[in-house]
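Reviewing the structure listed below.
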Amino acid sequence: MTVTITQPHQGLQIAGGPGRRVKSGVKDEDFSQLYSPLYPEGVNLRPGFRVHDELVGEILARAQESEREMVKLHPKWDQIDQMFTAFIPQSDKEKIIKKNDIRKPTSIVVPESFAVRETFTTYAMNVFGDYPTMRYDGVGPEDTIGAILMEKVIDVQSRQKATLLSLQTQFNDSFGYGFGVATIDWVVEMGKRTVMQDEFMIDPQTGEEILLETSRIPIDDIRFEGSVIQTIDPRKYLPDPNAKISDPQAGEYVGWLGEQENYMSLLRKENEPGSLFFNVRYLRTSSGHSSIYLHQTKSRNPSYMGEQNEGTTKGQANNIVQPIDLIWMYIDLIPAEWDLGEEEVPEKWVFCLANDSVIVVAGRMENHHGMFPVAVAAPDEAGHEHVPVSRVEIMFGLQEVMNFFLNSHVEESLKFLRNHLVVDPMLVNMADVKKNKGIIKTRHANWGRGVENAIKQLSMQDITRTHLSDLSAVTGIARSTTGAVDTAQGIQRVRGERVTKGEFEATRGSALSKLQRAAQTISLQSMRPLGMMSAYHVQQYMSQDVWVKTAGRSEELLRTEYAIEDPQIKVSPFDLNVAFDLLVSDGTIVGGEDPSSWIEWLQVVGSNLPEVAQSYNSRGIALHMARLMGNKNPEQFLNAAVPPPTAQMVPDEQAGNMAADGEIQPIGEEF
């Protein structure tokens, strides 16, 4: 069994002041003997006492202030969610059509908004999804080796906890809703590890040890320690409305409504070694939910075929499981003003409020980075608005026009497939007409007289016949507006004339530049603070040595500059105490350059400009070209025993003699 100790507030200290008893909504139960050892000296965080209940009021006041602003965005987000589906909730008329014939189509959504979001998310994943996700550099020459090792340690942590999955969700939110939120925690996972233990006895005659047996002994062990990045649903985010959504560090507070827990799960967390939780037993008789985002449904996505998923709203849970809502709130405060200490300078504190009534986590943040553990990506921010308009929201009107063109054409086509007849009820049997079985009898009195004037097909004209071409035109406008043009989506343009190489490269380059701008913005807004906090966490909390692989982008530097030849090296926490900086991505991806252009350049330089060629690192250029061709680790093919080739200028006669002896080779031949 694995025990997980989630420590988003590592180094947290609990403090408080004495309080008097006040009225509380929690049933009066005394767990003071259980929780008093968990409280610091002089603190009374028992529910119903002044300090506790005043803190509850302060937390709720900030959560409600933020909620009042954020809920204004929810109707817009509901419309965006519908744009990401491939169907529209069926009308009563369409339900009847489906009931009679399930094969007949009904209204759908043209998945253009979904394609636009996928294009930008895929590009962002290509930019940041190539390990290592976080890349570091030393501030001074003495910090270089430590920064390289830190990058590799954090890379190991990211791989173990699938950091890219959380980043993908953040990118999806940022391009869909205008911003995506990620939080970073330092997590320690405890578990059992089996070791072999020998049992000996002493020979009474010889005094020697005699092996009796070898047993398997389970011992407690740290299975994982490191930073873990998780995403926060924008609908549950509680930022300071006075700060820009992209800069949570500028606010006085930041919080969110956590995933719903239950009493047993919280009680288990409280009893884990090193747990930050307390007061959980006061929730045993607590009923109800948080008033924050109470209107939210459990599922915001419609179910298959357009039937809205009823789900259950918060507060409608069954009577078997006891759900508990947690509000996590980070506040910049002065402890003396909150009866939490004597300090008169601002400090960052963290609180966790359960069911709006019981504080189950409270303490001072002691992280060395001194930041709220939250990062927000808002790639479409203009710099002045509180919440930017998302890339998908920009095309909302165009999306509705596309849906209209397609659905109206489908509906008109269905009309043509139905029989629209003009009949003379005096000449034909109307019962046969209504049955629509393919055979219609005339009345008995008209038998033998022909059917020319009895029934006739109604002449109709399709007024939507140009809608598909109109749909294509509107789609082109939407793609050019958002930047998700055909070349960025991998769609081959179809037209009569041949597309030249220059035209294709110019179009592709223009499309990629828009994608690169969005990716670089994400790097500055979110990836940089997440990377900085990850590095500070490692320096502050890492307790065990970690084995890392030397292969990768710094392999050659480790081998040539630091004489590290081993494929794996052990890194201790003391190796990472260096000054570092995070390398900001320029938003480009592997494959953004053309390898053939490099080959042409090498041929020109190697043949005509040897004095220029000798100033370049030919092996570095070869490695770069290999990466452009898709190889993520071309260093694996290097021969460590062969030093990098060098170029020098010598007189022609000397060069001829050396070439004849095989001592030199012309530049460019290795390519």
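The values are calculated or read from the model by the stated rules, or taken from the named source; none is laboratory data. Given the structure is predicted, the values throughout are model-derived calculations rather than measurements. Using ideal geometry, Cβ is built from the backbone for each residue, glycine included, and neighbour counts are taken over all protein chains shown. When the accessible area is computed, the model is the full protein with side chains, heavy atoms only, and any ligands, DNA or RNA have been set aside. Shrake-Rupley method; radii C 1.70, N 1.55, O 1.52, S 1.80 Å.
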Exercise. Applying the Karplus parametrisation 6.51 cos²θ - 1.76 cosθ + 1.60 with θ = phi - 60° to the phi angles of region 405-410, what ³J(HN,Hα) value in whole Hz is obtained for each residue in order, glycine and proline being reported as x?
Worked result: 4, 6, 5, 5, 5, 5
For this session: Go through region 232-286 and name the GluC sites (Glu not before Pro) that are in a DSSP coil and have 14 or fewer other Cβ atoms within 10 Å of their Cβ.
Result: Glu252, Glu259
Problem set entry | Where labels lie 7 Å past Cα in the beta-carbon direction, separation of Arg103 and Glu199 in nm | 7.5
Problem set entry | Computed FRET value (nearest 0.05) for Val71 with Asn242, which takes r as the C-beta separation and R₀ as 25 Å | 0.90
Problem set entry | Gain on full stretching of the segment that runs from Ile222 to Arg159 - 0.36 nm per residue minus C-alpha separation | 21.0 nm
For this session: Set the Förster distance to 30 Å, then compute FRET efficiency between Ala579 and Gln544 from the Cβ-Cβ distance, nearest 0.05.
Result: 0.85
Exercise. Percent of accessible area on region 204-245 owned by carbon and sulfur, 1.4 Å probe?
Worked result: 43
For this session: State, to one decimal in nm, how far the label point of Gln64 lies from the label point of Asp470, with both points 7 Å from Cα in the Cβ direction.
Result: 5.0
For this session: Can you tell me how much longer the chain between Ala655 and Ala115 gets when fully stretched, taken as 0.36 nm per residue apart minus their C-alpha distance, in nm with one decimal?
Result: 188.5 nm
Exercise. Which value, in Å², gives the accessible area per residue of region 126-213 when a 1.4 Å probe is used on the protein heavy atoms?
Worked result: 45
Problem set entry | Accessible surface, per residue, of region 336-380 when the full set of protein chains is kept, probe 1.4 Å, Å² | 31
Exercise. Residues with amide H under 5 Å of Val571's amide H, sequence separation 5 or more or different chain, H placed in the peptide plane at 1.01 Å from N; which?
Worked result: Val546, Trp547, Val548
